[in-house]
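Note sheet for the following structure.
The values are calculated or read from the model by the stated rules, or taken from the named source; none is laboratory data. Bear in mind that the values here come from a model prediction, so they are computed numbers and not experimental data. Note that each Cβ is placed from the backbone with ideal geometry, even for glycine, and that neighbours are counted across all protein chains shown. All accessible areas refer to the heavy atoms of the entire protein, side chains included, with ligands and DNA or RNA removed. Shrake-Rupley method; radii C 1.70, N 1.55, O 1.52, S 1.80 Å.
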Amino acid sequence: MRSMLFVPGDRPERFAKASASGADAVILDLEDAVTPEHRRGARVEVARWLETAERGVPVWVRINPVATDDALDDLAAVIDARPDGIVLPKARDGADVHRVDHWLESLEARCGYARGSIGLLPLITESAGALLNAASFTALPDRVVGLTWGAEDLAADVGASANKTSDGEYEFTFAMARSFCLLAAAAAGVPAFDTIDTEFRDVAAVERRARASRRQGFVGKLAIHPAQVAPIHAAFQPTVEEIAWAERVVAAFGASPGAGAIAFEGGMLDRPHLRQAERILAAAAHG
C-alpha cells in the first residue's frame, strides 16, 4: 500500500469519494476525526457502508486506543461488516498490539472468518512512553501488515508547541520517533509506512517529502486528502533510472550465481545491493 487515505467515520458522504480517489486503501476513522458524541453514529455509518458498498480498494477502520472503553465497542460494531484491516492508534507497547490481536481472533471465530484474515496496522510513537517502548514492537502477531507512526499526538504528549522547524523539517524528537518506527518495522520484518503530511494544497511539496520517505526506507504513506494520493504514488514509484540500474544489478548477479560480491560498472556490489535492486523492481511492478 503506497497510500492509505483517512476519512472521518461520521462523514458517510465522503466514503465513496475516498474509495474512488485512487488511494491503495481507505481508512474510515472512528478516533481523532470523530468527537465522542458522534462516535456511536459513526460506528453505524461505517458498518453500513462496509456492508453495502462495492469496495474498489481495501477498507480499514481506525478504532480508538486500547486504553479506552471505546476500542472494543468499535471492533464489535464493525466486525460483522468485515473490514479488511484495523488501524490501532496510540499503541503503548507490544502488549497493546497482542491484545487487539486476541480480540480479533475471538471476533473472527464468532463470525466464522479465517483466523488472521483481518489485518492490523499499529501507530507506535504517539506518546513518550510508546517511543521508549519501541523495542517491544519487534515481536508482532502475524496479522500485522506493517508499522506506522504519528507526530501530532506525540507533540501534545511531550508539550511541544510545534513538531517541525520553520523550513518544514521534523524537530529532533520527532525525527527520532520516525526513525524508531522505521527501525522497529525492519527488526519485526514488516514494512514501515510514513505518517500524514498536513499539507495538501502544495502537491509538489507533498511529493518531495514523500520521495524523501521512500529514500529513507518507507514503503508508503498515510494521507488525509484525496489531492495527496497522486503525488504520493508518484513519489513511491521508482524512476526510470532506478529501474534500469536495478535490472542491470539483478542481471549481473544472475550471471554470477552464488557470488557474494561482483564487479559492477567500475565498482563492487554485494548481496545488500541485490536486495535493494529487487525491492526497486517489486515497487515498480506494483506501481
In the list 259, 210, 284, which residue meets the criterion of being of a type in the set (A, V, I, L, M), surrounded by 12 or more Cβ atoms within 10 Å (Cβ to Cβ) and within 23 Å of residue 87 (Cβ to Cβ)? 210
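When you scan the range 102-158, how many residues do you find that are among the aromatic types (Phe, Trp, Tyr) and part of a helix (DSSP H, G or I)?
The first filter runs over the range 102-158 and keeps only residues among the aromatic types (Phe, Trp, Tyr), leaving 103, 113, 137, 149.
Then drop every residue that is not part of a helix (DSSP H, G or I), which leaves 103, 137.
Total meeting the criteria: 2.
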Of all residues in the range 18-29, which are open to solvent by 10 Å² or more (accessible area, probe 1.4 Å) and in contact (Cβ under 8 Å) with a residue 60 or more places away in the chain? 21, 22, 24
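Residues are listed down the side, and each one gets a yes or a no for (1) within 20 Å of residue 103 (Cα to Cα); (2) at pLDDT below 95; (3) buried (at least 16 other Cβ atoms within 10 Å of the Cβ):
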site	(1), (2), (3)
31	yes, no, yes
46	yes, no, yes
49	no, no, yes
52	no, yes, no
56	no, yes, no
62	yes, no, yes
65	yes, no, yes
The correct count of residues that are in a helix (DSSP H, G or I) and either aliphatic (A, V, I, L, M) or touching a strand residue (DSSP E or B) at 6+ places or on another chain (Cβ under 8 Å) (or both) in the range 178-203 is 10
The strands (runs of 3 or more DSSP E) lying entirely within the range 1-84 that contain at least 1 residues which are of a type in the set (Asp, Glu) are 25-29
When only residues in the range 100-114 that are touching a helix residue (DSSP H, G or I) at 6+ places or on another chain (Cβ under 9 Å) and among the charged types (D, E, K, R) count, which is surrounded by the most Cβ atoms within 10 Å (Cβ to Cβ)? 108
Please go through the range 116-139 and give me each residue that is of a type in the set (A, V, I, L, M, F, W, C), more than 22 Å from residue 60 (Cα to Cα) and free of Cβ contacts under 8 Å to residues at least 40 places away in the same chain, ordered by number. 128, 132
Is there any pair linking a residue in the range 55-73 that is without any contact (Cβ under 8 Å) to a residue 60 or more places away in the chain to one that is hydroxyl-bearing (Ser, Thr, Tyr), with Cβ under 7 Å and at least six apart or on different chains, and which? 55/19; 56/19; 57/19
Residue in the range 213-247 that is most open to solvent (accessible area, probe 1.4 Å), counting only those that are more than 23 Å from residue 149 (Cβ to Cβ) and β-branched (Val, Ile, Thr): 240
